[in-house]
Amino acid sequence: MTKVHNYSAGPCILPQEVFEKASQAVLNFNDLNLSILEISHRSKDFVEVMEKARALVKELLNVPEGYQVLFLQGGASLGFLKAAYNFLPPREKAAYINTGSWSTKAIKEANRIGEVIEVASSEDKNFNYIPKGYGIPSEAKYLHLTSNNTIFGTQFKQFPISRVPILCDMSSDIFSQEIDVSKFDLIYAGAQKNMGPAGTTLYIVKESALGKAGDNIPTMLDLRTHIKKDSMFNTPPVYPIYVSMLTLEWLKKNGGVPAIAKQNQAKADLLYAEIDRNPLFEGVTAKEDRSNMNATFVLTNESLKEDFDAMWKEANINGLNGHRSVGGYRASMYNALPLESVQVLVDVMKELENKKG
Ligand SMILES: *Cc1c(COP(=O)(O)O)cnc(C)c1O
């Protein structure tokens with residue numbers, strides 16, 4: 001098989017050994033002579049998977065006592081609504097920072113339940129920076145953030161200091177760097193950006209913060225439903241949870257979050273250095289807010305597009321086109337993308353300069 005350098009923004013690259021183990025489990029799981037796809041989610045073998053996945057999340061992120069870890073469905077997109085249902089009493093206020101399309105969607109859902117105060121937004125510059133220097137109204141029940149803006153390529157390097165609880169959509173940078181979970185009442189993340197395949201969504205929730213948002217939460221959207229049943233209220237997405245568990249095992253074996261954070265920094269440094277050095281390219285976002293996960297950049301001379309596109313495709317690079325709302329290029333450098341793949345991209349950028357610069 002040809003090695004492909006996969007920069008896909010999500011679903012995205014996962015470790016090769018995870019793909020191998022995951023495919024084996026489809027054929028014969030745990031030597032049961034059964035596929036993982038055909039056993040009960042209540043069987044001992046699957047309950048162990050669920051327990052292990054939840055324990056790995058706690059271990060890898062140092063989740064403190066009093067927090068619950070859940071693997072649910074609906075994607076981060078349903079998380080927007082769940083966050084509001086579980087933390088915002090009807091007609092009360094919540095503060096949101098609008099840093100891109102995902103934040104905008106989160107705001108829309110919260111507005112169904114209560115009143116959103118948009119405390120800051122970077123929409124004036126097509127979301128190419130993280131707003132700073134805003135106040136957080138004390139009447140807000142919480143502050144909601146998107147830690148990494150997958151589409152625009154910005155990332156909070158520091159979380160705001162807030163007197164109201166913080167809820168955070170960490171879909172595209174969870175497990176990429178160390179975080180202090182105790183700073184958040186809720187963290188949620190779709191699996192398919194850094195943790196596993198599409199189909200499950202991780203929730204890390206401070207249990208004592210629940211129960212204050214009224215009693216009219218639909219059963220499936222009420223996080224307490226799932227806490228009571230150990231994330232097994234209904235049939236969980238068994239395969240995405242299994243593959244997420246394998247990916248978390250891989251992460252642990254490779255030194256955990258501190259080790260991967262160093263590698264992620266090295267990858268981002270390598271690529272951004274080339275974007276800044278090479279006169280044919282320029283970054284899209286404010287330098288201090290650059291995402292270590294999704295680097296967005298453009299050609300300084302659009303007429304080189306055809307040449308550049310042909311060259312990176314020739315180098316077996318996949319998934320480099322920018323999102324339609326930004327254009328240009330986006331290199332998504334999630335945990336499983338090796339440094340060598342970034343070097344291949346940097347070499348192609350240098351080659352373009354040598355040929356056309
Ligand atoms: C991809 C993404 C989402 C949407 O996730 P789904 O699982 O597709 O609903 C939400 N927020 C962020 C930051 C994302 O990157």
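The numbered conditions (1) crowded, with 21+ Cβ neighbours inside 10 Å; (2) within 19 Å of Ala106 (Cβ to Cβ); (3) in contact (Cβ under 8 Å) with a residue 60 or more places away in the chain are all true for Leu248 except (2).
Which residues, counting only those in segment 109-129, are in a loop (DSSP other than H, G, I, E, B) and either within 14 Å of Tyr96 (Cβ to Cβ) or more than 24 Å from the chain's Cα centre (by Cα) (or both)? Walk me through how you get there before you give the answer.
So in segment 109-129, the residues in a loop (DSSP other than H, G, I, E, B) come out as 114, 122, 126-129.
Answer for segment 109-129, where residues must be in a loop (DSSP other than H, G, I, E, B) and either within 14 Å of Tyr96 (Cβ to Cβ) or more than 24 Å from the chain's Cα centre (by Cα) (or both): Gly114, Ser122, Phe127.
Do we have Thr154 as within 15 Å of the ligand (Cβ to nearest atom), more than 17 Å from Gly79 (Cβ to Cβ) and not small (Gly, Ala, Ser) here? The answer is yes for Thr154. Hey, could you check segment 135-160 for residues that are over 20 Å from the mean Cα position of the chain (by Cα) and not aromatic (Phe, Trp, Tyr) and say which is surrounded by the most Cβ atoms within 10 Å (Cβ to Cβ)? By that ranking, first place goes to Ala140.
Going by the structure shown, is Glu115 surrounded by fewer than 16 Cβ atoms within 10 Å (Cβ to Cβ) and either hydrophobic (A, V, I, L, M, F, W, C) or away from the ligand (no atom under 16 Å from the Cβ) (or both)? First the steps, then the outcome.
On the way: surrounded by fewer than 16 Cβ atoms within 10 Å (Cβ to Cβ): yes; either hydrophobic (A, V, I, L, M, F, W, C) or away from the ligand (no atom under 16 Å from the Cβ) (or both): yes.
When the stated conditions are applied, Glu115 passes them.
Residues of segment 130-151 being away from the ligand (no atom under 15 Å from the Cβ) and within 12 Å of Gly100 (Cβ to Cβ), which ones? Step through it out loud before you land on a result.
Of segment 130-151, the ones away from the ligand (no atom under 15 Å from the Cβ) are 131-143.
The one that is away from the ligand (no atom under 15 Å from the Cβ) and within 12 Å of Gly100 (Cβ to Cβ): Pro131.
For the residues Leu60, Leu32, the requirement of being among the aliphatic types (A, V, I, L, M), under 18 Å from the mean Cα position of the chain (by Cα) and surrounded by fewer than 22 Cβ atoms within 10 Å (Cβ to Cβ) singles out Leu60.
Does segment 132-142 contain at least one residue that is closer than 28 Å to Tyr334 by Cα, at pLDDT 95 or above and either of a type in the set (A, V, I, L, M) or touching a Lys or Arg at 6+ places or on another chain (Cβ under 9 Å) (or both)? Working first, answer last.
Of all residues in segment 132-142, those closer than 28 Å to Tyr334 by Cα come to 132.
Cutting the leftovers down to at pLDDT 95 or above gives us 132.
Narrowing further to those that are either of a type in the set (A, V, I, L, M) or touching a Lys or Arg at 6+ places or on another chain (Cβ under 9 Å) (or both): none.
No, segment 132-142 contains no residue that is closer than 28 Å to Tyr334 by Cα, at pLDDT 95 or above and either of a type in the set (A, V, I, L, M) or touching a Lys or Arg at 6+ places or on another chain (Cβ under 9 Å) (or both).
Of the residues making up segment 308-322, those that are assigned to a helix (DSSP H, G or I), out of contact with any helix residue (DSSP H, G or I) (no Cβ under 6 Å at 6 or more places or on another chain) and not basic (Lys, Arg) are Asp309, Ala310, Glu314.
Per-residue answers, yes or no, for (1) touching a residue at least 60 places away in the same chain (Cβ under 8 Å); (2) in contact with a helix residue (DSSP H, G or I) (Cβ under 6 Å, 6 or more places away or on another chain):
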{"residue": "Val119", "(1), (2)": "no, no"}
{"residue": "Thr146", "(1), (2)": "no, yes"}
{"residue": "Met170", "(1), (2)": "no, no"}
{"residue": "Gly190", "(1), (2)": "yes, yes"}
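The values are calculated or read from the model by the stated rules, or taken from the named source; none is laboratory data. Fair warning: this is a prediction, and the values are worked out from it, not measured in the lab. Note that each Cβ is placed from the backbone with ideal geometry, even for glycine, and that neighbours are counted across all protein chains shown.
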